[in-house]
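Following: one structure in structure tokens, then a few remarks.
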There are 2 protein chains.
Amino acid sequence: MAKKQVTIVDIAKELNISPSTVSRALKNHPDISKKTVKLVQECAKRLNYQPNIMALNLRLGKNNTIAVIVPEIVHYFFSSIVKGVEEVAFDEGFNVMLFRSKESYERELKITNSLINARVAGVLASLSKETDKYEHFQKILDNNIQLVFYDRICIGIITDRVVVDDYAGAMTAVEHLIHTGCKRIAFYCSPTHLEISKNRRNGYLDALRKHKLPVEKELMFVCDTREQAMELTPKVLAMDNPPDAFFAINDHTATGILYAIKQAGLRVPEDISICGFSGGDLALACDPMLTTVEQHGYEVGKTAAKLLIDKIKGVTHGQFTNRIVKTKLMVRGTTRKV
Amino acid sequence: MAKKQVTIVDIAKELNISPSTVSRALKNHPDISKKTVKLVQECAKRLNYQPNIMALNLRLGKNNTIAVIVPEIVHYFFSSIVKGVEEVAFDEGFNVMLFRSKESYERELKITNSLINARVAGVLASLSKETDKYEHFQKILDNNIQLVFYDRICIGIITDRVVVDDYAGAMTAVEHLIHTGCKRIAFYCSPTHLEISKNRRNGYLDALRKHKLPVEKELMFVCDTREQAMELTPKVLAMDNPPDAFFAINDHTATGILYAIKQAGLRVPEDISICGFSGGDLALACDPMLTTVEQHGYEVGKTAAKLLIDKIKGVTHGQFTNRIVKTKLMVRGTTRKV
DNA sequence: ATTTGGATCGCAAACGTTTGCATTTTAAAC
DNA sequence: GTTTAAAATGCAAACGTTTGCGATCCAAAT
């Protein structure tokens, strides 16, 4: 039933030559005469020879697969990143394995362990929200596996990183709100132990300071899902001195805000402006369409993969590179014209 | 620099026993005395031994990775599927490799070739839109690699399949429109050579027939993106006898329709109803929220992966199984109350 | 006729496992 | 003290490659 894979020695027998000659002929080694090369390659084609990658990997001690660990798969930003990774990996002849940490430290631990004994060539990682210990990533490095962090980077480990320009993105967004006349800008944000949260928060704060607006603690909230936003926003609107704009840490949250504002009978953007962060189709489905900071996950994925593959190939960029991919403010209907 | 991986023979030397004993001790073979087992396992832990999967795979002629080919990565339905696949694969100890066909036959060909020489244990595939030849998939089967199709299945190849209940989903959706008073229901659809397109179309047609509504060719359009819908819909609304409802083959298209209808100054759902297909966050961001047929991609992915892994493990389900995962109509704001 | 010296090719080891079989050790039975 | 069976271990081949080195061959140069 199970037809055996045809191997190099099958070809050798067929042609009455040695396996070494076949091996060399297959890769056009100069030692082999054009005649045998031709013979071997024809025979290989005829028998439908496919090199056994496992044997090859074992022999060479190499591996052509890279792993990407992603907190969530069904997520515009992260799936864009994976797309970018797959794209360059494919072109470079690498296979990509996908793992989902589910925002869980435990799971992340299991994944990294399985990666090191799968002997992958490299791994691209973004921390889970839970993660606050980093030995498992150090262990990856210790096992001579290349590692680069993207987005949710790990400052404890020295290795390459690629991040999105959260600070500048947030700053630009808030400045846009200010330029279009907003004075009291609320900020909905994730827990601040995450780097990205911290950076966006700083962008928000610095934009306010730069334009001499007061920063008010009561306008900053921990709120990063649509559901939370739908619950929180009515209360915020009922404040004595409610905000005239909302800046949300992601688009899902922004859609929740938008919904709540409409429910309250207020107009967007005439009464209140909204700006999101993240990008994706969601923003276009809103009415009015959502002004948001586009993150270019695809670019993040591509540059991270390039960095990793370069390291695997031994191309050195200096010991420790840190790439930042720019964000872009997409001005649409939830903010006023200037 | 590069500290060598510790192997089974390292342990053997350390303990002055043979590699075979170490190998057996590590897996608690009954032939080995509890004393040596304990010794070996302690030593393994101490030296941080990690089995070399490549060597193991080569020896056993097996492989614990499965591949999933997906037409697009940044896509709610497909990423949900991938999530499901990763979930069960992880639990079963399999790694998943991800490939994106980009809806291109050429790319699909390259992918399948690289898969067969990577000797993966199995592959999950959904056809690209371009694909109309199937030898490359037959080739996978010929190389003793397990194969199961999901969603965009291939009827030319006999193997397991898991699909979404397109026919029933479409039928239910259209019946819902009819029950809420719609008489002239337009259908926006992908090119009909795709199975899913064909099935949804049949569901649409049969619902009309069942309720004695005329089927009118001029109400059926090839249109499956937001952009196309934004361009086409105004023309459709300008017809002599315009439709009072739209059924779209996916939610992106539905959002385009919604946009165009609002632009035309008509009300949804009072004047015109809309129903989409696909699910995801998009539907909730719309105003009003989009009534749509939820596809449960996560379930599709899970059952497909289970099927595949069972086949890999040699569990036989009968020769050729065909799973259908049910859809669910999510009634929201773009259709009227009954 | 002998020596060179490329040009071709084959031998065998190596990568890290697993496993059938042979071998040694142990301990019990005589 | 010998035999015997069972328990514990080791030998070596195998999985499919690659590659350093040595072997062979043939033509040209001496």
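The values are calculated or read from the model by the stated rules, or taken from the named source; none is laboratory data. Keep in mind the model is a prediction, meaning the values are calculated, not measured. In this analysis, Cβ positions are derived from the backbone assuming ideal geometry, glycine residues included, and neighbour counts consider all displayed protein chains. Side chains included, ligands, DNA and RNA excluded: accessible areas come from the protein's heavy atoms. Shrake-Rupley method; radii C 1.70, N 1.55, O 1.52, S 1.80 Å.
When only residues in segment A:14-50 that are under 43 Å from the mean Cα position of the chain (by Cα) and on the phi > 0 side of the Ramachandran plot count, which is farthest from DNA strand C (Cβ to nearest atom)?
Restricting to residues being under 43 Å from the mean Cα position of the chain (by Cα) and on the phi > 0 side of the Ramachandran plot, the top hit is A:48.
Quick one: in segment A:304-318, of everything that is within 14 Å of another protein chain (Cβ to nearest Cβ) and closer than 15 Å to residue A:149 by Cβ, which residue is modelled with the highest pLDDT?
Result: A:305.
Going residue by residue through segment A:230-238, is there one that turns out to be outside the structural domain of residue A:284 (by TED's automatic domain parsing), out of contact with any Ser or Thr (no Cβ under 9 Å at 6 or more places or on another chain) and small (Gly, Ala, Ser)?
No: segment A:230-238 contains no residue that is outside the structural domain of residue A:284 (by TED's automatic domain parsing), out of contact with any Ser or Thr (no Cβ under 9 Å at 6 or more places or on another chain) and small (Gly, Ala, Ser).
Whether any residue in segment B:81-93 is within 16 Å of DNA strand D (Cβ to nearest atom) and either outside the structural domain of residue B:131 (by TED's automatic domain parsing) or more than 14 Å from residue B:297 (Cα to Cα) (or both) is what I want to check.
No; the residues of segment B:81-93 include none that is within 16 Å of DNA strand D (Cβ to nearest atom) and either outside the structural domain of residue B:131 (by TED's automatic domain parsing) or more than 14 Å from residue B:297 (Cα to Cα) (or both).
If you scan segment A:239-271, which residues turn out to be more than 16 Å from residue A:170 (Cβ to Cβ), of a type outside the set (A, V, I, L, M, F, W, C) and within 11 Å of another protein chain (Cβ to nearest Cβ)?
Result: A:252, A:255, A:256, A:259, A:262, A:263.
What pairs come out if I take residues in segment A:223-238 that are within 14 Å of chain B (Cβ to nearest Cβ) and pair them with residues that are not in a helix (DSSP H, G or I) whose C-beta lies under 6 Å away, six or more apart or interchain?
Correct list of pairs: A:229/A:223.
Pairs needed: first member in segment B:166-193, in contact (Cβ under 8 Å) with a residue 24 or more places away in the chain; second member anywhere, of a type in the set (Asp, Glu) and surrounded by fewer than 18 Cβ atoms within 10 Å (Cβ to Cβ); C-beta distance under 7 Å; at least 6 residues apart or different chains.
B:171/B:206; B:182/B:244; B:183/B:244; B:184/B:244
Do we find a residue being over 24 Å from residue A:57 (Cα atoms) and free of Cβ contacts under 8 Å to residues at least 12 places away in the same chain anywhere in segment B:66-85?
Yes, there is a match, as at least one residue in segment B:66-85 is over 24 Å from residue A:57 (Cα atoms) and free of Cβ contacts under 8 Å to residues at least 12 places away in the same chain.
List the residue pairs whose Cβ atoms are under 8 Å apart, where the first residue sits in segment B:39-59 and is more than 14 Å from chain A (Cβ to nearest Cβ), the second is more than 9 Å from DNA strand D (Cβ to nearest atom), and the two are 6 or more positions apart or on different chains.
Listed by first residue and then by second, the contacts come to B:40/B:11; B:40/B:26; B:41/B:26; B:43/B:11; B:43/B:14; B:43/B:49.
Output the residues belonging to segment B:64-101 that are facing chain A (nearest Cβ under 9 Å) and of a type in the set (Ser, Thr, Tyr).
B:65, B:76, B:79, B:80
Please specify each residue of segment B:124-176 satisfying the condition of being in contact with a Phe, Trp or Tyr (Cβ under 8 Å, 6 or more places away or on another chain) and farther than 28 Å from residue B:62 by Cα.
Correct list: B:128, B:130, B:131, B:132, B:133, B:163, B:169, B:170, B:171, B:173, B:174.
Is there a residue being hydrophobic (A, V, I, L, M, F, W, C), surrounded by fewer than 18 Cβ atoms within 10 Å (Cβ to Cβ), within 25 Å of residue B:171 (Cα to Cα) and at pLDDT 95 or above anywhere in segment B:272-283?
no
Using the structure shown, decide if residue A:221 is part of a strand (DSSP E or B), open to solvent by 30 Å² or more (accessible area, probe 1.4 Å) and at pLDDT 95 or above.
yes
Could you check segment A:2-35 and list, in sequence order, the residues that are more than 9 Å from DNA strand D (Cβ to nearest atom), surrounded by fewer than 16 Cβ atoms within 10 Å (Cβ to Cβ) and not in a loop (DSSP other than H, G, I, E, B)?
A:13, A:34, A:35
To keep it simple, each residue is scored yes or no on (1) part of a loop (DSSP other than H, G, I, E, B); (2) open to solvent by less than 30 Å² (accessible area, probe 1.4 Å); (3) farther than 26 Å from residue A:337 by Cβ.
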position: A:162; (1), (2), (3): no, yes, yes
position: A:173; (1), (2), (3): no, yes, no
position: A:188; (1), (2), (3): no, yes, no
position: A:192; (1), (2), (3): yes, no, yes
position: A:197; (1), (2), (3): no, yes, yes
position: A:207; (1), (2), (3): no, yes, no
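Considering each of A:301, A:279 in turn, give the residue that is within 14 Å of chain B (Cβ to nearest Cβ) and in contact with a strand residue (DSSP E or B) (Cβ under 6 Å, 6 or more places away or on another chain).
Just one listed residue meets the conditions, A:279.
Let me spell it out: the conditions are (1) open to solvent by less than 20 Å² (accessible area, probe 1.4 Å); (2) more than 27 Å from residue A:287 (Cβ to Cβ); (3) touching a residue at least 24 places away in the same chain (Cβ under 8 Å), and residue A:241 meets all of them except one. Which number is the exception?
Checking residue A:241 against (1) open to solvent by less than 20 Å² (accessible area, probe 1.4 Å); (2) more than 27 Å from residue A:287 (Cβ to Cβ); (3) touching a residue at least 24 places away in the same chain (Cβ under 8 Å), the one that fails is (1).
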